[in-house]
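Working notes for the structure below.
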Amino acid sequence: MNRLRKLVDGFLLSLLIAIVLANLAPSLGASGGVLHMDWVTAVGISVVFFLNGASLAPERLKAGAANWRLHLLVTTSTFVIFPLIGTALYFGLGHWLPAALLLGVFYLCALPSTVSSSVAMTSMARGNVAGAVFNATLSSLLGMLITPLLVGLLFSHSGEGMSLLAQLRSIAIQLFLPFVVGQLARPWLKDALLKHRQLVNYVDRGVIVLIVYNSFCDSAMAHVWSNYSAGMLLAVAALVSVVLFVALQATRFAARRFGFDTEDEITAVFCGSKKSLAAGIPMAKLIFGAHPALGLIVLPIMFYHQIQLFVCSIIARRYAARPD
(Lines give C-alpha, C1' and ligand atoms only; values in the text may rest on other atoms or scores of the structure.)
Protein backbone atom coordinates (compact mmCIF):
# COMPACT_ATOMS: atom_id res chain seq x y z
CA MET A 1 0.00 0.00 0.00
CA ASN A 2 2.89 2.38 0.73
CA ARG A 3 4.28 1.71 -2.74
CA LEU A 4 0.89 2.48 -4.31
CA ARG A 5 0.66 5.70 -2.30
CA LYS A 6 4.14 6.79 -3.42
CA LEU A 7 3.27 6.06 -7.05
CA VAL A 8 0.01 8.05 -6.82
CA ASP A 9 1.76 10.97 -5.08
CA GLY A 10 4.52 11.02 -7.70
CA PHE A 11 1.94 10.88 -10.48
CA LEU A 12 -0.01 13.78 -8.98
CA LEU A 13 3.17 15.82 -8.61
CA SER A 14 4.05 15.11 -12.27
CA LEU A 15 0.62 16.32 -13.38
CA LEU A 16 0.99 19.53 -11.36
CA ILE A 17 4.46 20.17 -12.81
CA ALA A 18 3.13 19.59 -16.34
CA ILE A 19 0.33 22.12 -15.74
CA VAL A 20 2.75 24.73 -14.37
CA LEU A 21 5.18 24.29 -17.28
CA ALA A 22 2.31 24.49 -19.77
CA ASN A 23 1.29 27.87 -18.40
CA LEU A 24 4.85 29.21 -18.24
CA ALA A 25 5.78 28.40 -21.85
CA PRO A 26 2.68 27.12 -23.68
CA SER A 27 4.11 27.54 -27.19
CA LEU A 28 6.62 24.71 -26.61
CA GLY A 29 4.07 21.96 -25.95
CA ALA A 30 1.13 23.24 -27.96
CA SER A 31 -0.16 21.23 -30.92
CA GLY A 32 2.01 22.08 -33.92
CA GLY A 33 4.63 23.61 -31.63
CA VAL A 34 8.36 23.07 -31.33
CA LEU A 35 8.06 19.76 -29.45
CA HIS A 36 5.33 18.39 -31.76
CA MET A 37 3.46 17.09 -28.71
CA ASP A 38 0.36 16.31 -30.76
CA TRP A 39 2.34 13.67 -32.67
CA VAL A 40 4.19 12.46 -29.57
CA THR A 41 0.96 11.94 -27.66
CA ALA A 42 -0.71 10.20 -30.62
CA VAL A 43 2.09 7.61 -30.68
CA GLY A 44 2.05 7.37 -26.89
CA ILE A 45 -1.68 6.61 -26.84
CA SER A 46 -1.22 3.69 -29.24
CA VAL A 47 1.71 2.36 -27.19
CA VAL A 48 -0.35 2.45 -23.97
CA PHE A 49 -3.23 0.49 -25.47
CA PHE A 50 -0.84 -1.98 -27.08
CA LEU A 51 0.66 -2.63 -23.64
CA ASN A 52 -2.81 -2.90 -22.11
CA GLY A 53 -3.75 -5.52 -24.68
CA ALA A 54 -0.54 -7.46 -24.16
CA SER A 55 -0.97 -7.34 -20.36
CA LEU A 56 -4.54 -8.65 -20.27
CA ALA A 57 -4.77 -12.34 -19.41
CA PRO A 58 -8.02 -13.72 -20.93
CA GLU A 59 -8.01 -16.67 -18.51
CA ARG A 60 -8.42 -14.27 -15.57
CA LEU A 61 -11.85 -13.29 -16.87
CA LYS A 62 -13.38 -16.78 -16.96
CA ALA A 63 -13.86 -17.11 -13.21
CA GLY A 64 -15.96 -13.96 -13.00
CA ALA A 65 -17.94 -14.24 -16.23
CA ALA A 66 -21.00 -16.15 -14.93
CA ASN A 67 -22.29 -13.59 -12.41
CA TRP A 68 -24.59 -11.78 -14.85
CA ARG A 69 -26.54 -9.79 -12.24
CA LEU A 70 -23.33 -8.19 -10.97
CA HIS A 71 -22.17 -7.39 -14.52
CA LEU A 72 -25.56 -5.89 -15.40
CA LEU A 73 -25.52 -3.61 -12.35
CA VAL A 74 -21.95 -2.39 -12.95
CA THR A 75 -22.50 -1.80 -16.68
CA THR A 76 -25.81 -0.01 -16.03
CA SER A 77 -24.17 2.21 -13.42
CA THR A 78 -21.21 3.03 -15.67
CA PHE A 79 -22.95 3.63 -19.00
CA VAL A 80 -26.56 4.52 -18.06
CA ILE A 81 -26.84 6.04 -14.56
CA PHE A 82 -23.62 8.04 -14.76
CA PRO A 83 -24.42 9.56 -18.21
CA LEU A 84 -27.91 10.49 -16.99
CA ILE A 85 -26.32 12.35 -14.07
CA GLY A 86 -23.90 14.02 -16.48
CA THR A 87 -26.73 15.04 -18.80
CA ALA A 88 -28.70 16.58 -15.93
CA LEU A 89 -25.65 18.56 -14.81
CA TYR A 90 -24.76 19.65 -18.35
CA PHE A 91 -28.18 21.14 -19.05
CA GLY A 92 -29.00 22.15 -15.48
CA LEU A 93 -25.87 24.17 -14.68
CA GLY A 94 -25.40 25.91 -18.02
CA HIS A 95 -26.04 29.35 -16.54
CA TRP A 96 -23.45 28.98 -13.77
CA LEU A 97 -20.46 27.09 -15.21
CA PRO A 98 -18.47 27.32 -18.50
CA ALA A 99 -19.74 25.13 -21.33
CA ALA A 100 -16.36 23.38 -21.75
CA LEU A 101 -16.27 22.51 -18.05
CA LEU A 102 -19.78 21.05 -18.16
CA LEU A 103 -18.79 19.09 -21.24
CA GLY A 104 -15.90 17.73 -19.18
CA VAL A 105 -18.31 16.69 -16.41
CA PHE A 106 -20.49 14.86 -18.93
CA TYR A 107 -17.39 13.29 -20.48
CA LEU A 108 -16.31 12.11 -17.00
CA CYS A 109 -19.71 10.48 -16.54
CA ALA A 110 -19.49 8.75 -19.95
CA LEU A 111 -16.10 7.13 -19.27
CA PRO A 112 -15.53 3.43 -18.49
CA SER A 113 -14.48 2.18 -15.08
CA THR A 114 -10.86 1.77 -14.04
CA VAL A 115 -9.13 -1.62 -14.14
CA SER A 116 -6.17 -1.59 -11.76
CA SER A 117 -7.58 0.49 -8.92
CA SER A 118 -11.03 -1.18 -9.06
CA VAL A 119 -9.42 -4.60 -8.68
CA ALA A 120 -6.97 -3.34 -6.05
CA MET A 121 -9.73 -1.74 -3.94
CA THR A 122 -11.94 -4.84 -4.26
CA SER A 123 -9.06 -7.05 -3.16
CA MET A 124 -8.24 -4.76 -0.22
CA ALA A 125 -11.90 -4.83 0.87
CA ARG A 126 -12.07 -8.65 0.56
CA GLY A 127 -14.63 -8.56 -2.23
CA ASN A 128 -15.22 -10.65 -5.36
CA VAL A 129 -11.90 -10.11 -7.14
CA ALA A 130 -12.73 -12.35 -10.12
CA GLY A 131 -15.91 -10.36 -10.68
CA ALA A 132 -13.98 -7.10 -10.42
CA VAL A 133 -11.44 -8.24 -13.03
CA PHE A 134 -14.21 -9.23 -15.43
CA ASN A 135 -16.28 -6.08 -14.95
CA ALA A 136 -13.39 -3.63 -15.07
CA THR A 137 -12.02 -5.22 -18.24
CA LEU A 138 -15.46 -5.43 -19.88
CA SER A 139 -16.05 -1.76 -19.02
CA SER A 140 -12.77 -0.71 -20.64
CA LEU A 141 -13.56 -2.59 -23.84
CA LEU A 142 -17.13 -1.28 -24.04
CA GLY A 143 -15.91 2.24 -23.32
CA MET A 144 -13.96 2.37 -26.58
CA LEU A 145 -17.32 2.32 -28.39
CA ILE A 146 -19.89 3.66 -25.91
CA THR A 147 -17.98 6.73 -24.64
CA PRO A 148 -17.59 8.41 -28.07
CA LEU A 149 -21.19 7.45 -28.92
CA LEU A 150 -22.49 9.15 -25.76
CA VAL A 151 -20.42 12.28 -26.41
CA GLY A 152 -21.60 12.30 -30.03
CA LEU A 153 -25.25 12.06 -28.91
CA LEU A 154 -24.79 15.00 -26.56
CA PHE A 155 -23.27 17.12 -29.32
CA SER A 156 -25.96 16.19 -31.84
CA HIS A 157 -28.63 17.19 -29.31
CA SER A 158 -26.81 20.47 -28.62
CA GLY A 159 -26.49 21.24 -32.32
CA GLU A 160 -22.67 21.38 -32.31
CA GLY A 161 -20.76 19.84 -35.17
CA MET A 162 -18.70 16.77 -34.39
CA SER A 163 -18.09 13.90 -36.77
CA LEU A 164 -18.99 10.76 -34.83
CA LEU A 165 -17.71 8.60 -37.67
CA ALA A 166 -14.33 10.36 -37.50
CA GLN A 167 -14.23 9.84 -33.74
CA LEU A 168 -14.95 6.13 -34.03
CA ARG A 169 -12.37 5.78 -36.79
CA SER A 170 -9.73 7.43 -34.58
CA ILE A 171 -10.71 5.21 -31.63
CA ALA A 172 -10.49 2.10 -33.83
CA ILE A 173 -7.07 3.01 -35.26
CA GLN A 174 -5.36 4.39 -32.17
CA LEU A 175 -7.02 2.40 -29.37
CA PHE A 176 -8.75 -0.77 -30.49
CA LEU A 177 -6.28 -1.87 -33.16
CA PRO A 178 -3.19 -1.54 -30.88
CA PHE A 179 -5.14 -3.37 -28.15
CA VAL A 180 -5.92 -6.29 -30.47
CA VAL A 181 -2.32 -6.41 -31.72
CA GLY A 182 -1.17 -6.44 -28.09
CA GLN A 183 -3.47 -9.41 -27.37
CA LEU A 184 -2.05 -11.27 -30.36
CA ALA A 185 1.50 -10.54 -29.23
CA ARG A 186 0.82 -11.52 -25.61
CA PRO A 187 2.26 -15.08 -25.84
CA TRP A 188 5.67 -13.59 -26.66
CA LEU A 189 5.53 -10.56 -24.36
CA LYS A 190 3.69 -11.68 -21.22
CA ASP A 191 6.78 -12.82 -19.30
CA ALA A 192 8.71 -9.62 -20.04
CA LEU A 193 5.69 -7.47 -19.14
CA LEU A 194 5.22 -9.32 -15.86
CA LYS A 195 8.90 -8.92 -15.02
CA HIS A 196 8.88 -5.20 -15.85
CA ARG A 197 5.37 -4.41 -14.63
CA GLN A 198 6.54 -1.25 -12.85
CA LEU A 199 8.07 0.08 -16.09
CA VAL A 200 4.76 -0.49 -17.90
CA ASN A 201 3.00 1.54 -15.17
CA TYR A 202 5.47 4.38 -15.65
CA VAL A 203 4.93 4.37 -19.43
CA ASP A 204 1.16 4.46 -18.89
CA ARG A 205 1.33 7.39 -16.50
CA GLY A 206 4.03 9.15 -18.49
CA VAL A 207 1.82 9.29 -21.57
CA ILE A 208 -1.02 10.73 -19.48
CA VAL A 209 1.30 13.45 -18.16
CA LEU A 210 2.36 14.34 -21.72
CA ILE A 211 -1.26 14.53 -22.89
CA VAL A 212 -2.18 16.77 -19.95
CA TYR A 213 0.84 18.97 -20.74
CA ASN A 214 -0.16 19.24 -24.40
CA SER A 215 -3.80 19.93 -23.50
CA PHE A 216 -2.97 22.68 -21.03
CA CYS A 217 -0.50 24.24 -23.48
CA ASP A 218 -3.26 24.42 -26.09
CA SER A 219 -5.65 25.92 -23.53
CA ALA A 220 -3.08 28.49 -22.40
CA MET A 221 -2.37 29.47 -26.01
CA ALA A 222 -6.10 30.06 -26.47
CA HIS A 223 -6.18 32.15 -23.23
CA VAL A 224 -8.80 29.83 -21.74
CA TRP A 225 -7.50 30.14 -18.18
CA SER A 226 -7.43 33.93 -18.08
CA ASN A 227 -11.21 33.99 -17.75
CA TYR A 228 -11.48 31.72 -14.71
CA SER A 229 -10.54 31.96 -11.04
CA ALA A 230 -9.45 29.62 -8.26
CA GLY A 231 -13.08 29.55 -7.18
CA MET A 232 -13.91 27.66 -10.35
CA LEU A 233 -11.40 24.95 -9.44
CA LEU A 234 -13.07 24.57 -6.06
CA ALA A 235 -16.42 24.33 -7.81
CA VAL A 236 -15.09 21.53 -10.02
CA ALA A 237 -13.78 19.61 -7.01
CA ALA A 238 -17.09 20.02 -5.18
CA LEU A 239 -19.13 19.02 -8.23
CA VAL A 240 -17.23 15.81 -8.97
CA SER A 241 -17.27 14.95 -5.24
CA VAL A 242 -21.07 15.09 -5.37
CA VAL A 243 -21.06 12.87 -8.47
CA LEU A 244 -18.85 10.33 -6.68
CA PHE A 245 -21.05 10.41 -3.55
CA VAL A 246 -24.20 9.78 -5.60
CA ALA A 247 -22.53 6.92 -7.50
CA LEU A 248 -21.29 5.23 -4.32
CA GLN A 249 -24.66 5.49 -2.60
CA ALA A 250 -26.60 4.35 -5.67
CA THR A 251 -24.45 1.27 -6.32
CA ARG A 252 -24.51 0.23 -2.67
CA PHE A 253 -28.29 0.71 -2.45
CA ALA A 254 -28.89 -1.26 -5.68
CA ALA A 255 -26.57 -4.10 -4.59
CA ARG A 256 -28.42 -4.48 -1.28
CA ARG A 257 -31.81 -4.06 -2.93
CA PHE A 258 -31.04 -6.94 -5.31
CA GLY A 259 -29.83 -9.16 -2.48
CA PHE A 260 -26.12 -9.31 -3.34
CA ASP A 261 -23.81 -10.83 -0.76
CA THR A 262 -21.13 -8.57 0.74
CA GLU A 263 -18.40 -9.68 -1.66
CA ASP A 264 -20.50 -8.84 -4.72
CA GLU A 265 -21.67 -5.59 -3.11
CA ILE A 266 -18.04 -4.53 -2.72
CA THR A 267 -17.33 -5.26 -6.38
CA ALA A 268 -20.43 -3.38 -7.50
CA VAL A 269 -19.55 -0.34 -5.38
CA PHE A 270 -15.95 -0.04 -6.58
CA CYS A 271 -16.39 -1.03 -10.23
CA GLY A 272 -19.66 0.87 -10.62
CA SER A 273 -18.46 4.17 -9.15
CA LYS A 274 -14.96 4.54 -10.59
CA LYS A 275 -13.93 6.35 -13.76
CA SER A 276 -10.73 5.76 -15.68
CA LEU A 277 -8.18 8.55 -16.00
CA ALA A 278 -5.88 6.16 -17.88
CA ALA A 279 -8.49 5.69 -20.63
CA GLY A 280 -10.15 9.07 -20.27
CA ILE A 281 -7.21 11.35 -21.04
CA PRO A 282 -6.05 9.54 -24.22
CA MET A 283 -9.64 9.15 -25.43
CA ALA A 284 -10.33 12.85 -24.86
CA LYS A 285 -7.39 13.67 -27.11
CA LEU A 286 -8.96 11.58 -29.88
CA ILE A 287 -12.57 12.68 -29.37
CA PHE A 288 -12.00 16.41 -28.92
CA GLY A 289 -8.78 16.78 -30.94
CA ALA A 290 -7.03 20.14 -30.58
CA HIS A 291 -10.02 21.73 -28.87
CA PRO A 292 -8.75 25.02 -27.38
CA ALA A 293 -10.46 24.25 -24.06
CA LEU A 294 -9.30 20.62 -23.84
CA GLY A 295 -7.46 21.40 -20.60
CA LEU A 296 -10.76 22.52 -19.09
CA ILE A 297 -12.60 19.49 -20.48
CA VAL A 298 -10.22 16.99 -18.83
CA LEU A 299 -10.12 18.88 -15.51
CA PRO A 300 -13.12 17.03 -13.95
CA ILE A 301 -11.62 13.58 -14.57
CA MET A 302 -8.30 14.73 -13.09
CA PHE A 303 -10.05 15.87 -9.91
CA TYR A 304 -12.30 12.81 -9.82
CA HIS A 305 -9.34 10.45 -10.16
CA GLN A 306 -7.63 11.75 -7.04
CA ILE A 307 -10.83 12.04 -4.98
CA GLN A 308 -12.02 8.53 -5.87
CA LEU A 309 -8.68 7.02 -4.82
CA PHE A 310 -8.79 8.79 -1.46
CA VAL A 311 -12.46 8.11 -0.68
CA CYS A 312 -12.51 4.52 -1.97
CA SER A 313 -9.38 3.59 -0.01
CA ILE A 314 -11.19 4.65 3.19
CA ILE A 315 -14.29 2.64 2.21
CA ALA A 316 -12.14 -0.38 1.31
CA ARG A 317 -10.47 -0.35 4.73
CA ARG A 318 -13.89 -0.22 6.42
CA TYR A 319 -15.12 -3.18 4.38
CA ALA A 320 -11.90 -5.05 5.16
CA ALA A 321 -12.40 -4.54 8.90
CA ARG A 322 -15.78 -6.31 8.92
CA PRO A 323 -16.01 -9.52 10.94
CA ASP A 324 -15.88 -12.81 9.02
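The values are calculated or read from the model by the stated rules, or taken from the named source; none is laboratory data. Just so it is clear, the structure is predicted and the values come from calculations on it, not from any experiment. We place every Cβ from the backbone using ideal geometry, glycine too, and count neighbours over all the protein chains shown. In case anyone asks, the SASA skips ligands and DNA or RNA and just uses the protein heavy atoms, side chains included. Shrake-Rupley method; radii C 1.70, N 1.55, O 1.52, S 1.80 Å.
One table, with the values for the structure above:
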read-out	value
Accessible area per residue in Å² at 1.4 Å probe, computed on the chain	47 Å²
Theoretical gain in end-to-end length, His36 to Met232 [0.36 nm per residue, Cα-Cα removed]	67.5 nm
The chain: relative contact order as a whole-number percent, Cα under 8 Å and 6+ apart	32 percent
Nearest-10 value in Å² for the accessible area of Val20, using the 1.4 Å probe	80 Å²
Which of Lys285, Lys274, Lys195 is most accessible, then next, and so on - probe 1.4 Å	Lys195, Lys285, Lys274
Segment Asn201-Val181, extension gain: residue separation times 0.36 nm, minus the distance between their alpha carbons	5.3 nm
Length added when fully stretched, Val80-Leu153, from 0.36 nm per residue minus Cα-Cα	25.0 nm
Chymotrypsin sites (Phe, Trp or Tyr not before Pro) restricted to DSSP loop in segment 28-106 with at most 12 other C-beta within 10 Å	Trp96
Leu277 accessible area, assembled protein chains, probe 1.4 Å, Å²	10 Å²
Distance (nanometres) between label positions extended 7 Å along Cα→Cβ at Arg257 and Trp96	2.6 nm
Overall dimensions of the chain as given by Cα atoms, namely Rg and Dmax in Å	19.0, 59
Estimated FRET transfer efficiency when R0 is 30 angstrom, pair Val43-Leu145 (beta carbons, to 0.05)	0.85
Translational diffusion coefficient (Stokes-Einstein; Kirkwood radius from C-alpha pairs) of segment 264-324 at 4 °C, 1.567 mPa s, in µm²/s	97 µm²/s
Span-rule helices in the chain, defined as complete DSSP H runs reaching 18 Å or more along the axis (Cα) with Kyte mean at least 0.5	2-24, 37-55, 129-158, 177-195, 197-221, 230-257, 299-320
Per-residue SASA entry for Arg126, accessible area with 1.4 Å probe, Å² rounded to 10	80 Å²
Translational diffusion of segment 196-324, µm² s⁻¹ [Kirkwood Rh, Cα pairs; Stokes-Einstein; 25 °C; 0.890 mPa s]	147 µm²/s
Scattering curve values for segment 46-131, log₁₀ I(q)/I(0), Debye with Cα scatterers, q = 0.23, 0.26 Å⁻¹	-1.12, -1.22
